[in-house]
Amino acid sequence: MNRWLYLTLLSLTIITIQCSDKRIPADLIIKGGTIYTVESASIVEAVAVKGDTIIYAGDLAGLSKYEGERTKVIDLAGKTMTPGFIEGHGHFMGLGYNELNLDLMNITSYEEMVEKVKEAVAKAQPGQWIVGRGWHQDKWTKKPEKLIKGFQTHQLLSEVSPNNPVFLRHASGHAGFANAKAMQLAGVNQLSVEKLGKNLGEGGEILLDELGNPTGLFNERAQSLITKYIPDNTAETDEQALELAIAASLRNGITSFHDAGVSRENIELFRKFKAAGKLSTRLYVMLTGFDSELLYEWFKRGPEIDASNLLTIRAIKLNCDGALGSRGAWLLEPYSDRPDFSGMATLSMDTVLKISREGLRYGFQVCSHAIGDRANKEILDRYEVAFSENPDKAINHRYRIEHAQHLHPNDIPRFGKMGVIPAMQAIHLSSDRSWAIDRLGEKRIKEGAYMWQSLLKSGAIIVNGTDVPVEPINPIASFYASVTRQTLTGQPEGGYEPAEKMTRMQALRSYTLDAAYGAFEENIKGSIKVGKLADFVVLNKDLLTVPDSEILSTEVAMTILGGKILYEKK
């Protein structure tokens with residue numbers, strides 16, 4: 001080797017060594033506690049952040065090159081840090097509006113609902129609408145004396161609100177309860193019911209009493225008979241609701257949120273907040289399938305993947321059946337507690353197939369709501385047709401079924417085989433399992449309800465969530481349900497169908513890395529790894545080691561988004 005070449009190589013080697021030893025001051029260093037990376041179940045001692053990106057995750061000895069005069073250091077003081085939680089299925093504006101309107105989530109009787117409405121009426125102007133959400137008749141500790149097909153009737157409600165129309169959505173959102181004034185405004189009475197029912201087509205039901213009078217309960221699409229008379233939200237209340245949703249997410253350690261069914265108005269509001277620097281939760285948006293014009297506008301323009309990772313629009317939400325609580329979930333066999341009824345499809349399966357084809361063609365993920373076993377089977381069938389017709393586009397489709405709550409045993413392995421993601425909300429087991437057995441019977445419950453471990457063994461990747469505002473936005477409660485399969489009061493001992501429990505790490509992944517995968521974002525978030533976004537949640541207890549009895553008392557101490565502390569418990 002000639003001398004000139006030798007000296008050149010030697011110089012390059014020295015420069016390389018010097019560069020490798022060069023200090024890279026971090027903006028933020030976090031240490032002093034247990035840090036779960038969710039990368040091969042590893043634990044590290046420290047993390048360093050530059051801007052919004054992780055630049056180091058390792059032991060304390062490797063930190064020295066990242067420490068600078070202006071580096072902020074967070075001492076966890078023994079606390080636990082994980083990747084920020086990702087809410088895998090919720091309704092962002094619904095979360096905010098649940099805090100603005102009547103919150104009926106924790107009531108325990110019909111009388112308590114009536115009392116809350118009475119208090120709201122006392123503060124309202126005559127004729128002003130009273131709206132709320134969250135009641136669930138199967139969770140009441142005291143049942144009404146009169147029930148029609150399992151639901152209360154409107155008379156008590158109407159007595160306390162004679163001059164104010166009232167509409168109270170079921171916790172599931174799949175049914176609503178109206179008073180006499182609301183039905184009067186909507187023209188719903190004994191004479192009009194048959195005509196109105198025919199105009200609804202498939203997917204809606206007005207419950208009637210023994211004399212043919214409407215009871216006030218409107219199931220699925222029948223809700224629109226009332227809701228079209230409720231005044232639209234104002235720009236001011238929309239902004240209030242969005243601010244409340246962001247704050248609630250950060251309080252609960254949620255740094256990303258999969259918003260399941262968004263309107264064009266909501267998208268514009270999200271953009272406005274982003275432009276103003278006020279969008280402090282990363283949103284992954286599913287366009288609402290209720291607006292076909294919106295879908296085809298987006299098909300023409302294509303997905304919008306945000307370079308700043310705050311607002312990405314590349315999915316579609318289809319509502320294909322109802323909920324179990326309202327007996328709207330579409331079943332293969334009739335309900336055990338209503339033998340004349342099997343639920344209903346709320347969207348034509350021809351439409352599901354059409355949108356499944358269009359999603360592949362234009363690069364959009366399709367996310368279909370299905371709770372009942374028949375709805376799940378029918379959607380899997382349509383997905384399978386679309387995939388077989390366009391195998392090249394279907395290689396990395398990541399189509400989802402939202403909820404996948406009750407499955408026929410034959411359909412469980414199809415999720416893993418087809419690469420369909422079950423986006424499930426473990427907290428529904430805690431809330432629903434004790435009464436769901438009345439709807440489905442023991443055999444269907446044990447063979448196909450909340451089948452988390454069976455789905456994971458099939459090769460499926462589960463995305464976890466709460467379906468807020470159907471349930472409170474609390475990832476820790478859903479984590480608890482995932483690993484214990486108990487109610488939030490700890491019943492039954494050992495959990496329902498314990499073989500289907502997730503492990504602690506499986507549950508954490510379902511709220512972090514696997515949830516990121518469900519939005520094509522596993523390469524930028526969901527784990528603590530160099531090059532990924534610095535989104536973290538700090539907890540006062542170690543969710544992976546504390547006894548089951550201590551999980552629910554675990555609290556969010558801090559939420560960090562893009563390297564910035566956006567929430568800290570005082």
Please compute the modelled spin-label separation between PHE290 and ASN540, points set 7 Å along Cα→Cβ, answer in nm with one decimal.
3.9
Using a/c under 1.5 as the rounded threshold, could you call segment 263-419 rounded, prolate or oblate? The axes a ≥ b ≥ c are square roots of the C-alpha gyration tensor eigenvalues, and prolate needs a/b larger than b/c, oblate otherwise.
prolate
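Work the Kirkwood hydrodynamic radius out for the chain: mean of 1/r over every pair of different alpha-carbon atoms, inverted, in Å.
Kirkwood radius, the chain: 25.1 Å.
In segment 104-190, which GluC sites (Glu not before Pro) fall in coil by DSSP and have 11 or fewer other Cβ atoms within 10 Å?
Filter output for segment 104-190: GLU145.
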If you average the C-alpha positions of segment 298-318 and of segment 478-545 separately, how far apart do those two centres end up, in angstrom?
26
Work out which helices of the chain, taken as complete DSSP H runs, extend at least 18 Å along their axis over the Cα atoms and score a mean Kyte-Doolittle of -0.5 or more, then list them.
3-20, 235-251, 349-362
Which of ASN164, GLN125, SER109 sits closest to the plus end of the dipole of segment 102-227, meaning its Cα is farthest towards the positive end, when Lys and Arg get +1 and Asp and Glu get -1 on the C-beta?
GLN125
Report relative contact order for segment 196-290 in percent, whole number only (criteria: Cα-Cα under 8 Å, sequence separation at least 6).
21
For the chain the mean separation of alpha carbon contacts under 8 Å (6+ apart) over residue count, i.e. relative contact order in percent, is 16
Partners for LYS501 among lysines (Cα-Cα distance below 20 Å; same-chain residues under 8 apart left out):
LYS443, LYS446, LYS457
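Considering only DSSP beta bridges with both partners in the chain, what is the antiparallel share in %, to the nearest 5?
Details: 39 of 81 bridges.
That works out to approximately 50 percent antiparallel.
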Is the shape of segment 117-236 best called rounded, prolate or oblate, per the rule: a/c under 1.5 gives rounded, else a/b larger than b/c gives prolate, else oblate, with a ≥ b ≥ c the square roots of the Cα gyration tensor eigenvalues?
rounded
Cross-link partners among aspartates and glutamates for LYS393, C-alpha distance below 12 Å, same-chain residues fewer than 8 apart left out?
GLU358
Taking segment 102-227, the lysine pairs whose C-alpha atoms sit under 22 Å apart (8 or more places apart or on different chains) add up to 16
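No value in this document is a laboratory result; all are computed from the given coordinates. If you're wondering where the values come from, they're calculated on a predicted model, not measured in any experiment. Using ideal geometry, Cβ is built from the backbone for each residue, glycine included, and neighbour counts are taken over all protein chains shown.
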